[in-house]
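For reference, the structure discussed in these notes is given below.
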Amino acid sequence: VAEIKLRASESQFRSLAQAMPNQVWTAAADGLLDWFNPRVYDFSGLSPGVLDGAGWTALVHPDDLAGAVERWTQSLATGELYESEFRLRRNDGIYRWHLVRAVPIKTETGEITRWVGANTDIDDQKAAVQALADVNTSLETRVAERTKELMVAEEQLRQSHKMEAIGQLTGGIAHDFNNLMTGIISAISLVRRRLETGKTQDLDKLMSAASTSAQRAAALTHRLLAFSRQQSLDVRAVDIGELIQGMRFLLNQTLGEDIQVAVECPPTLWAGMTDANQLESAVLNLVINARDAMPAGGQLSVTMANRTLSAGDVRLESEEEPGDYVEIAVTDTGEGMSEHTLAKAFDPFFTTKPIGQGTGLGLSMVYGFVQQSGGHVRIESEVGKGTRVALYLPRAVDSTIAGPVEDHGGRGARTGGTVLVVEDDPTVRLMVVTALNDWGYDMIQTSSAHEAIPVLRSNKQIDLLLTDVGLPSINGRQLAEIARQFRPGLRVLFMTGYAEKAAMRGQFLDAGMDLVTKPFTLDGLSEKIREVLKGGS
Ligand SMILES: Nc1ncnc2c1ncn2[C@@H]1O[C@H](COP(=O)(O)OP(=O)(O)OP(=O)(O)O)[C@@H](O)[C@H]1O
Ligand SMILES: [Mg+2]
């Protein structure tokens, strides 16, 4: 009876399996496959018999075979459900992913008699999952590529802005200098012609024309250096309130009657660390800008205040640092600035003024000077309402405020002494030496530190070392160091065209040292020499 039952169920199973859309197979207890439904033969294109036993393994993709067999062996040993994914070769040679599962058929006593397995084609699903993964990675790479492209484009834009600014700058300088040089060169050649023919008429006029042009050229380089933050600043603790109050007369003169001026300074204003002369010229620049923005008159105020900027107050994009500052704000009720003007206001040679009225160097000079002082500038402006430009200068920690520079008068009066001159530029050296001679000093002239050192080492009388800072190989500051090894306490006066690195007064100058900034006037030089020799510095 059992035998009949088994036969009946076996034939039922086979007809069921034959009707199923899946690939179905059976295996004996030892794991050798012994029957496949027609789907398997359709799929593989193989004829019955070929797949029997271990023949099926020929259908499995070589890369997947080891895994499939290992699992199968494991299931046979433990009697656990078999489940594996691998590729099977279709009749056209293409491999497709299948999910292969098999369950053991057990007797009532738990003995495994057979295995029934089914293969389900999951290739489309797999492909979809893979495609999704591909899309993700390609999306990532595309995002990365785009970002890189954008960065390159941005860099190019920055570069082209920079080139534009440099073009504007060099164009502006070339134009202004050409004009000034024309003035100087033609005046000199006219003077020479007069001298050659023994005529003296107009000599004075020509000389002062040349000197005016030269001074304007000097002022221009000065502003450029200020902008590039390379001017040599005489930074000290300055009573800013007093300085601005001292400018009142000048302000009233500059502004005329249609503009009302108010100056506000709290009595507790801190001292600021800055160069007094440069600050004065910066404020004057702002005031002139304000005046130009109020052609029909208006109100102008210069206000000062103590400001403590915390880390949250500073604007990182403009390189501001937290700390204590003295604020000097110039506010006008003028026409204001458009966004475009505001964005470009600090650019050198950017001006909205007609040719000949503005050089466009005012704000760039103010900006450079304030940055070099360790502060920053903020502008707020609204078209039709007005503009507020605020300078933030670092608070002076050392509260000793330098008194006003004494006026020595009696220009050119000699105090006597021997000056060692070190200057590599022959023209400047000639001028300095000629002037020293006129003033009655004795002098030794050299063109480099290498020439000067033997003189310093000798026992010749030297009262002052007058040296250029920007000398080749050993610079002026280093020379002074060497000089003081042989002659402690030797007076030193530096001449400098710009502040090499940090030629801020405090770090640069020791006692008995001072500096004059090129271009200097001979009167200015003479006064400095007398000051240094007298011992006050
Ligand atoms: N207070 C202000 N109100 C309105 N616009 C201003 C003000 N200050 C500056 N600007 C604008 O910024 C531009 C640049 O100013 P900047 O001082 O650098 O040059 P400038 O005044 O044109 O020439 P310069 O100062 O060299 O004579 C001005 O041309 C003007 O358009
Ligand atoms: Mg200006």
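The values are calculated or read from the model by the stated rules, or taken from the named source; none is laboratory data. What you see is a predicted model; the values in this text were computed from it and never measured. Every residue, glycine as well, gets a Cβ built from its backbone with ideal geometry; the counts of neighbours run over all protein chains shown. Please note that ligands, DNA and RNA were not included when accessible areas were found on the heavy atoms of the full protein model with its side chains. Shrake-Rupley method; radii C 1.70, N 1.55, O 1.52, S 1.80 Å.
Observations on the structure shown:
- Residue within the range 115-128 that is acidic (Asp, Glu), on the phi < 0 side of the Ramachandran plot and in a helix (DSSP H, G or I) present: yes
- When every residue of the range 97-110 is checked against the conditions, none turns out to be outside any helix (DSSP H, G or I), touching a helix residue (DSSP H, G or I) at 6+ places or on another chain (Cβ under 6 Å) and either touching a residue at least 40 places away in the same chain (Cβ under 8 Å) or surrounded by fewer than 12 Cβ atoms within 10 Å (Cβ to Cβ) (or both).
- Figure legend. Inter-residue proximity from the range 488-510: first residues assigned to a helix (DSSP H, G or I), second residues at pLDDT 65 or above, beta-carbon distance below 7 Å, spacing 6+ or different chains. Indicated pairs: Arg505/Asp234; Arg505/Val235; Arg505/Arg236; Gly506/Val235; Phe508/Arg477.
- Of all residues in the range 206-246 being under 23 Å from the mean Cα position of the chain (by Cα) and in a helix (DSSP H, G or I), the one that is surrounded by the most Cβ atoms within 10 Å (Cβ to Cβ): Ala226
- Within the range 295-314, residues that are farther than 23 Å from Asp332 by Cβ reach partners that are outside any loop (DSSP other than H, G, I, E, B) and open to solvent by less than 80 Å² (accessible area, probe 1.4 Å) with beta carbons closer than 6 Å, at six or more positions or on different chains, in the pairs Thr308/Asp324.
- Filter pass, Gly375 being of a type in the set (Gly, Ala, Ser), modelled with pLDDT of 90 or more and on the phi > 0 side of the Ramachandran plot: no
- Matching residues, the range 326-340, being within 11 Å of ligand 1 (Cβ to nearest atom) and either more than 23 Å from Gln168 (Cα to Cα) or free of Cβ contacts under 8 Å to residues at least 24 places away in the same chain (or both): Val330, Thr331, Asp332, Thr333, Gly334, Glu335, Gly336, His340
- Flag if Thr200 is modelled with pLDDT under 85, of a type in the set (S, T, N, Q) and either within 25 Å of Leu363 (Cβ to Cβ) or surrounded by 15 or more Cβ atoms within 10 Å (Cβ to Cβ) (or both): no
- Odd one out for Ser160, checked against (1) among the hydroxyl-bearing types (Ser, Thr, Tyr); (2) under 18 Å from Phe350 (Cα atoms); (3) at pLDDT 80 or above: (3)
A quick yes/no check of all residues on (1) in contact with a Cys (Cβ under 6 Å, 6 or more places away or on another chain); (2) away from ligand 2 (no atom under 16 Å from the Cβ); (3) closer than 22 Å to Ile240 by Cβ:
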position: Glu320; (1), (2), (3): no, yes, yes
position: Phe349; (1), (2), (3): no, no, no
position: Gln357; (1), (2), (3): no, no, no
position: Tyr367; (1), (2), (3): no, no, yes
position: Val370; (1), (2), (3): no, no, yes
position: Lys385; (1), (2), (3): no, yes, no
position: Val389; (1), (2), (3): no, no, yes
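- Residues considered: Leu65, Leu81. Of these, the only one that is more than 22 Å from Phe13 (Cβ to Cβ) and of a type outside the set (Lys, Arg) is Leu65.
- Failed condition for Thr418, given (1) on the phi > 0 side of the Ramachandran plot; (2) touching a strand residue (DSSP E or B) at 6+ places or on another chain (Cβ under 6 Å): (1)
- Only residues that are touching a residue at least 40 places away in the same chain (Cβ under 8 Å) and either crowded, with 16+ Cβ neighbours inside 10 Å or more than 8 Å from ligand 1 (Cβ to nearest atom) (or both) were counted across the range 342-376, and they come to 23.
- Matching option when the condition is open to solvent by 20 Å² or more (accessible area, probe 1.4 Å), at pLDDT below 85 and basic (Lys, Arg), among Arg315, Arg307, Arg291: Arg315
For every residue, the table says whether it meets (1) touching a residue at least 24 places away in the same chain (Cβ under 8 Å); (2) more than 16 Å from ligand 1 (Cβ to nearest atom).
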{"position": "Phe249", "(1), (2)": "no, yes"}
{"position": "Gln253", "(1), (2)": "no, yes"}
{"position": "Asp258", "(1), (2)": "yes, no"}
{"position": "Val263", "(1), (2)": "yes, yes"}
{"position": "Leu269", "(1), (2)": "yes, yes"}
{"position": "Gly272", "(1), (2)": "yes, yes"}
{"position": "Asp275", "(1), (2)": "yes, yes"}
{"position": "Gln278", "(1), (2)": "yes, no"}
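- Given (1) within 15 Å of Val377 (Cβ to Cβ); (2) in contact (Cβ under 8 Å) with a residue 12 or more places away in the chain; (3) surrounded by 15 or more Cβ atoms within 10 Å (Cβ to Cβ), number of the condition Gly323 does not satisfy: (1)
- Leading residue by the ranking (nearest to Ala276 (Cα to Cα)) among those in the range 326-335 that are within 15 Å of ligand 2 (Cβ to nearest atom) and open to solvent by 10 Å² or more (accessible area, probe 1.4 Å): Asp332
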